[in-house]
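Below you'll find the structure, written out as structure tokens, and then a few comments.
Bear in mind these aren't lab numbers, they're just calculated from the coordinates by the rules spelled out. These numbers were taken from a predicted model, which means no experiment stands behind them. We place every Cβ from the backbone using ideal geometry, glycine too, and count neighbours over all the protein chains shown.
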Amino acid sequence: MKIVAVFLSLLIFALGLSAQTSEQILATANNQNFTAKDLAPVEVHQAFANLHTSIGELRKRLLEQQIIDILLETEAATQKTTAEKLVETHINNKVQTPTAKEIQAVYDTNRSAIGDRTLEEVRPQIVEFLRREPARKRFADYVSSLKIKYKTALGKDVNAPNLKPFEVLATVNGKQISAESFETKNKITLNDFEANVYDQTRDALERVVYSNLIIAEAKAQKVDAGDFIAREITNKMRGLSADEREKLVSALQKRLFQKYNAKILLKEVAPVAQNISTDDDPSQGNTNAPVTVVMFTDFQCPACSATHPVLKRVLTEYAGKVRFVVRDFPLTQIHQNAFRAALAADAAGAQGKYFEYVELLYTNQNLLDAASLKQFASKLGLDRKRFDADLNSQKFADEVRKDIADGKKYGISGTPTIFVNGVKVRNLSAEAFRDAIEKVLKH
């Protein structure tokens, strides 16, 4: 549900991050210690220092979200409708559309940030911005009324130490939320949250250590640091691909880290490995390969389009060792053509051209209307009569909905989301994909 999802995502974004001390040594290199005080930007320092508090706040919000879900499901069953339709009826449809004067005022006030885009180009974003706060308030009021109707009460503090699995955190309409059910439902979100802080902190640590080592190495070679970087990196980058540039920078960092005995002491957050179903979804590669890469994608998502060739290039380096599986997660609330594009890909897959069709979708994201999707089928020489029928098939629609439902169960909220043997890859870079694959192959 859009309002619920946006509310929660804004919360997670706004939170700071585990309770650590500023004096704790997080890295060492060249006989120098690095602590949280050395982290930059300041937001990363604050996030790291405040993680314990932030996780506590997140746990409270997740419990509230779980209560809201039960309330909406209960009311939806009573009204013989869906939770999504309840939100649409009681929230979205009752929020007034902003007036032209209000829209113009926001546009005029933010001209410097908007740049040369016209009012018509940014109107949808302004309308959504102006509707957001009224919708949030109406949603909060609606939830409050449901809490009274269905007798909602809090129990044990969700952040109490040594919670027992059977202890009750809340009761909604006679249904109890136990500590065990809370942890089971929210473990992925909590793990992701803490892991993201770890990633931010580690990246910041590596940058500060790397910068210090560049200065140390330049001094050892009696050259200016800028000249050293130009010689080792900048002057070699001409004509290189993005992946080759990434490898060049990574190689220098690795060399300096080894020479100056750099060590990152920050404790990594243990990932949660999930049993990601691959069912009968489109796949490439050896079905018995030791590594299975699953990508949940949205064909209208620019980030998916950008990630696809990077991942594809990495997978070719592991021929025979990796099976690649694609599952659908169209973000229908923001991408109106995404669901239909997923159906079209499945329709092409029924004729053995799934991956060829997917290439056309990723490279033509501004042409995903029904007519264009059918033109792509003709371009690939597909049986158009069969393709058109399959495009409207309930069978494929059910397949896409199943992928979405599974994705939500796995804690997915955005795309692309990529798993390597059930472990989510948090950094969508070629190096991160290689590291994830290598980690599996080494064990």
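Give me the one-decimal nm value for the distance between modelled label points at ASN110 and ARG434, 7 Å along each residue's Cα-to-Cβ direction. Each label point lies 7 Å from its Cα, and together they span 4.0 nm. Between THR35 and LEU26, the built amide H atoms are under 5 Å apart, and every one of these is 5 or more places off in sequence or on another chain. Under the simplified labelling scheme, the ASP369-PHE129 pair shows an inter-label distance of 2.9 nm, with each label point 7 Å from Cα along Cα→Cβ. With each label modelled as a point 7 angstrom along the Cα→C-beta vector, the ALA270-LYS222 pair spans 5.3 nm. Taking the average, over residues, of other Cβ atoms within 10 Å as the packing measure, peptides 189-201, 280-292 rank 189-201, 280-292 from highest down. Once you have a ≥ b ≥ c as the square roots of the Cα gyration tensor eigenvalues for the chain, tell me rounded if a/c is under 1.5, and otherwise prolate or oblate according to whether a/b is larger than b/c. Since a/c reaches 1.5 but b/c is at least a/b, the shape of the chain is classed as oblate. Counting only residues at least eight positions apart within a chain, or on another chain, the aspartates and glutamates with an alpha carbon under 16 Å from that of LYS374 are ASP346, GLU356, GLU359, ASP383, ASP388, ASP390.
Pairs spanning more than 22 Å between alpha-carbon atoms, out of LYS60/LYS409; LYS164/LYS408; LYS151/LYS402: LYS164/LYS408; LYS151/LYS402.
The fewest-to-most ranking of THR109, THR332 by surrounding Cβ atoms within 10 Å reads THR109, THR332. Using every alpha carbon pair in segment 283-441, what percent of pairs falls into each 5 Å bin from 0 up to the bin containing the largest distance? P(r) over segment 283-441, rounded to whole percents: 2, 9, 19, 21, 20, 15, 9, 4, 1, 0. With θ taken as phi - 60° and the Karplus curve 6.51 cos²θ - 1.76 cosθ + 1.60 applied, the whole-hertz 3J(HN,Hα) list for segment 371-388 is 4, 5, 4, 6, 5, 4, 4, 5, 4, 8, x, 7, 5, 5, 4, 5, 4, 4 Hz, x standing for glycine and proline.
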